[in-house]
Amino acid sequence: MAFFFNRGRSRQPADIVRTTKELLSRIHDSQNAPKAEEDLAKQLSQMKVIVQGTPEVPPSVDQVHALVQATIQEDLLFDLSRSIHLLPFEARKDTQTVFSHILRFRPTSYAAEKDPPVISYLVHHRPEIIVELCRGYMQSQSAMPCGVILREALKFDVITAIVLYDQSNEGESAIRLSDVKPNQRQRGDGVFWRFFDWIDKSCFEVSADAYTTFRDILTRHKSLMTSYLATNFELFFARFNNILIHSDSYVTKRQSIKLLGEILLDRANYNVMMAYVESGDNLKLCMKLLRDDRKMVQYEGFHVFKVFVANPNKSVAVQRILINNRDRLLRFLPKFLDDRTDDDQFMDEKSFLVRQIELLPKEPVDRTRPTRDSPSAHTAAVA
Amino acid sequence: MDDMSSHYQVMEELGSGSFGVVYKAIDKTDGEIVAIKHIDLESSEDDIQEIQQEISVLATCASPYVTQYKASFLKGHKLWIVMEYLGGGSCLDLLKPGCFNEAHVAIVCRELLLGLDYLHSEGKIHRDVKAANVLLSQTGKVKLADFGVAAQLVNIKSQRNTFVGTPFWMAPEVIQQAGYDFKADIWSLGITAIEMINGEPPHASTHPMKVLFLIPKNPAPRLEGNEYSNTFKDFIAQCLTKDPDLRPSAKELLRHKFVRNAGKPEALQELIHRKQDWDGGRGETKDVKYYAESLNTMTRPEDLDDDDWVFDTVKPPPMFKPKGTDWMTFDEEEENAPDPTQMLEDMHISAPPPPPKHQANSTVRRVPTDRSPSVRRANTKRRSSGVKQPLGLDLSYGNSPSTVRQFRRVSDKVPTDLNPAKHGFDENQSPKTVATDTSSKEAQIGRRAYSKAVGMSCQEVLSTTGDGDKREAISRLAEAWSDLEMVDPEGLYHIVRIMNEKLQADSRLSTLLPSTQPDSPSRPRLVLAQNNPHLKSHRRRQSYVPEPQPQSPPSVPAQAAPGMEHTKQLSDVLYQRWSEGLRNRWGGF
């Protein structure tokens, strides 16, 4: 056994990286190169042994360090990130393992609170790699390995910022971290905005993975997301409502209603919530969800609907819709999902909503108070 | 999107379980026979993410010793997972005519070890190895199946803490939650070997809850008797080494004499033929169920209801839906609805199916990595039912050696026992229902208290107790609770209730006991108005978890609004958050 390892270890990481790079360019040039694919698989599995060791032999920090340096020197991560769909099955998984380990790697002397060196390198010098990883969702072969690597990287807010603010086209250079301007509105064609289509239009496996990544982007780094949503409120919720909540896919629909509820009820997003529940159109959307013919969609819809009703400062538009539908709601709600008898919280919230609706005034009352009386509610949210 | 389901001709049902129903089907593009698992996502609370996890583990496996995943896609609210078809059935099925002989067990063990070696080298732990999850092809090939609770480790050396699996097959370190790795599968393999030679795992006649105490406490099971060879006994002893560090890996066990001398997989065809003969000899007409598209996967045209919401000043002309098409989602429950208008109203509430049956053949999955209650609370999703606490729910009902899983996947087919003549030991069968099944409110609460609190508490304390005598005492107590829950849940409720009252009533005790903080402000939960009529009953129900009422600031603008006094509580909270938002922006507010 030991004999094999020594032979594997004796090759320098720099050699492996160089060979891999050559092979990658070869499979890019000719779509059908079985020999190159086979060799690539071998190189990648050697790299995997370097980064994670084997059950018997732990990895050597020096070797990993050398490998990380070589991949940066040769710009190998970029070549890998755009080639995953061309690799054979096992090599795709090995790439995912190697990539994730390299992203996490910290030299022994490195301060624990600082981002790992490769992360800093990516956001300052090679953000194209991150964008390429996102584009992995365009092919089903690369979607899942790219998704795993991406979610590893998105644990760092700087990476999330690149994904949110990049607006480059294919072939152009991507946005550097220092060029990010949070107050500038997005055009809506950057890589982040393509997630809506990847979730909505891909096959189930790709869609589900893209959704998981999308959710990570939206929920992991609160302050980043709050300011992004404030600046791009209209654009974001127009897409969210029209593409995700209206999706034909049961899973996309149900998961995104749930995500909407989580975003709105997150303390950090208070202003976003207030702006969202002011809109009569948003309320209409939610009330339609309550009448969906799938009960889990109704249930998730309820958890968004309750925010509209519970809001003590309902806009006139929202009050009008609720008042016009008061009788219908009061007939509807008591029987709504009435089999959830062991869900105490749900039952309590439902009866609370009934009470709120009973107590609505006859006519909408304009309750905008001076402090909130800034020109429009949205500008308040944007601030 | 292309309707993937049309690529398959679905035929008869192969079986059903916690996950849904499995059908045999033909892939129309190439004529290949496949197995398709239908999972009804409507009947699962919160576990779409978990199912995706299962798929991603499956989709990254390519080994002749693991059932091959082919595709998955959605059809309405059903998820179809297409797998390779294995015509030989599971080892558990093949055990029905009788136990395996040593030669057969050796072959199965070798093939399983090859499968586990593959998984483990991929950083995957199966976590639910048992005869029911070992499938055979017609030609005798052995494959690991059901990755419902499998785990993918990020790091080759990392460990898991999750309490997962099926009690009888669980390794001691999994039960003790002290961190475990690949070696847990090796223990389960040893138990599976005993299951194959004896027809059932050790402790099979014991209550699964009790088994959880016995496995860590007792010496590891051994195979005894002259009828077994020494190599076999040694193989079992190696697999069932209590210390996971001393337990050999799959690779090491592949060098064991017992499996090195094992025959070819083709020899297992004998077992398949034996089962066929047995089925034939019993004159059982196989009750074949064919796939029928259920009506509720079809979508009805929306917004035809004349009681639909009014959003515009122009009211859409009331439309009367043609009868017949409307009633299809109806459930029998609606039949006594008094008048048609009433029924129309109910329509959109989509007739509720009977509450999901309690399925003990589901697998418990819980994440107790952090057992401090506050932290767990914070992770808790907004719905109580989304966080099924596993043990009690699934295990308290009987002796079924169920796989334990935090959530239930309830199949839309009620798993009726088609085969009343079936005898023997079926680990995928519904549990026995307890004869004294009182259904009073108190009994329900009692059962819930047991499953959500008492049983869990015993297990938690046990897992943090090292001393043998103390452990013994605690497990006896846990058993006693479990017995009480089965015999007299009402009594259990009263004990818990009175205990709480007494604790609260004693001024010293009530102040000394650490108070629970069930509500963190960020938790998306509505606060009840003081005058909410349900608040009382809510408090009553949760009497032992005193709900902290948020402090109201002295003067709140929202209160001034007419008609809003009743929402004081809620508006306080919203106002607080709102003013905090202001403060953050303008500092001096």
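The values are calculated or read from the model by the stated rules, or taken from the named source; none is laboratory data. Just so we're clear, the structure is a prediction, and the values are computed from it rather than from any experiment. All Cβ positions, glycine included, derive from the backbone under ideal geometry; neighbour counts span all protein chains shown. Quick note on the areas: whole protein, heavy atoms, side chains included, nothing else; ligands and nucleic acids left out. Shrake-Rupley method; radii C 1.70, N 1.55, O 1.52, S 1.80 Å.
Could you check region B:90-131 and list, in sequence order, the residues that are at pLDDT below 90 and open to solvent by less than 20 Å² (accessible area, probe 1.4 Å)? Residues satisfying the conditions are B:GLY123, B:LYS124, B:ILE125, B:HIS126, B:ASP128. In summary, A:ILE199 fulfils each of the numbered conditions (1) assigned to a helix (DSSP H, G or I); (2) on the phi > 0 side of the Ramachandran plot with the single exception of condition (2).
Within region B:228-251, the set of residues being charged (D, E, K, R) and either within 16 Å of B:LEU113 (Cβ to Cβ) or not assigned by TED's automatic domain parsing to the domain that holds B:GLY190 (or both) comprises B:ASP234, B:ARG247, B:LYS251. Among residues that are open to solvent by 40 Å² or more (accessible area, probe 1.4 Å) and in contact with a helix residue (DSSP H, G or I) (Cβ under 8 Å, 6 or more places away or on another chain), A:ILE72 is included. Does B:ILE39 fit the bill of being touching a residue at least 60 places away in the same chain (Cβ under 8 Å), within 12 Å of chain A (Cβ to nearest Cβ) and open to solvent by less than 10 Å² (accessible area, probe 1.4 Å)? When the stated conditions are applied, B:ILE39 passes them. Only one of the numbered conditions (1) within 10 Å of chain B (Cβ to nearest Cβ); (2) under 19 Å from B:GLY76 (Cα atoms) is not met by A:GLU262, and that is (2).
Pairs are defined by a Cβ separation below 6 Å, a sequence spacing of at least 6 or placement on different chains, a first member in region B:69-81 that is within 8 Å of chain A (Cβ to nearest Cβ) and under 14 Å from B:LEU58 (Cβ atoms), and a second member that is at pLDDT below 90 and in a strand (DSSP E or B); the pairs so defined are B:LEU79/B:ILE39. The single residue among A:GLY171, A:GLY190, A:GLY147, A:GLY136 that is crowded, with 16+ Cβ neighbours inside 10 Å and free of Cβ contacts under 8 Å to residues at least 40 places away in the same chain turns out to be A:GLY190.
Return the residues of region A:331-346 that are farther than 19 Å from A:ARG294 by Cα and open to solvent by 50 Å² or more (accessible area, probe 1.4 Å); say none if nothing qualifies. So that I can check it myself, show each step before the final result.
Of the residues in region A:331-346, the ones farther than 19 Å from A:ARG294 by Cα are A:331, A:342, A:344-345.
Selection gives A:ARG331, A:ASP342.
With respect to A:ILE323, determine if the residue is open to solvent by 10 Å² or more (accessible area, probe 1.4 Å), of a type outside the set (S, T, N, Q), touching a residue at least 24 places away in the same chain (Cβ under 8 Å) and over 30 Å from A:LYS181 (Cβ atoms). Answer is yes for this residue. All of B:GLU54, B:GLU84, B:GLU50 fail the test of being of a type outside the set (Gly, Ala, Ser) and either over 23 Å from the mean Cα position of the chain (by Cα) or not assigned by TED's automatic domain parsing to the domain that holds B:ILE36 (or both), apart from B:GLU84. Among the numbered conditions (1) within 23 Å of A:LEU87 (Cβ to Cβ); (2) among the small types (Gly, Ala, Ser); (3) more than 14 Å from chain B (Cβ to nearest Cβ), the only one that A:ALA161 does not meet is (1). When the helices (runs of 4 or more DSSP H) confined to region A:209-268 are screened for residues that are out of contact with any Phe, Trp or Tyr (no Cβ under 9 Å at 6 or more places or on another chain) and over 16 Å from A:ASP157 (Cβ atoms), those reaching at least 3 such residues are found at A:250-264. Among the aromatic types (Phe, Trp, Tyr) and at pLDDT below 95 - does that describe any residue in region A:132-143? No: zero hits.
Annotation note: of B:GLU54, B:GLU50, the sole residue that is modelled with pLDDT under 95, touching a Gly at 6+ places or on another chain (Cβ under 9 Å), surrounded by fewer than 20 Cβ atoms within 10 Å (Cβ to Cβ) and acidic (Asp, Glu) is B:GLU50. Apart from one condition, A:VAL148 fits all of (1) in contact with a Phe, Trp or Tyr (Cβ under 9 Å, 6 or more places away or on another chain); (2) not in a helix (DSSP H, G or I); the exception is (2).
Exactly one residue out of A:LEU154, A:LEU224 is at pLDDT below 95, closer than 30 Å to A:LEU289 by Cβ, touching a helix residue (DSSP H, G or I) at 6+ places or on another chain (Cβ under 8 Å) and away from chain B (no Cβ under 14 Å): that is A:LEU224. Restricted to region A:295-358, the set of helices (runs of 4 or more DSSP H) holding at least 2 residues that are at the interface with chain B (Cβ under 9 Å from one of its Cβ atoms) and touching a helix residue (DSSP H, G or I) at 6+ places or on another chain (Cβ under 8 Å) comprises A:295-310, A:326-332, A:344-358.
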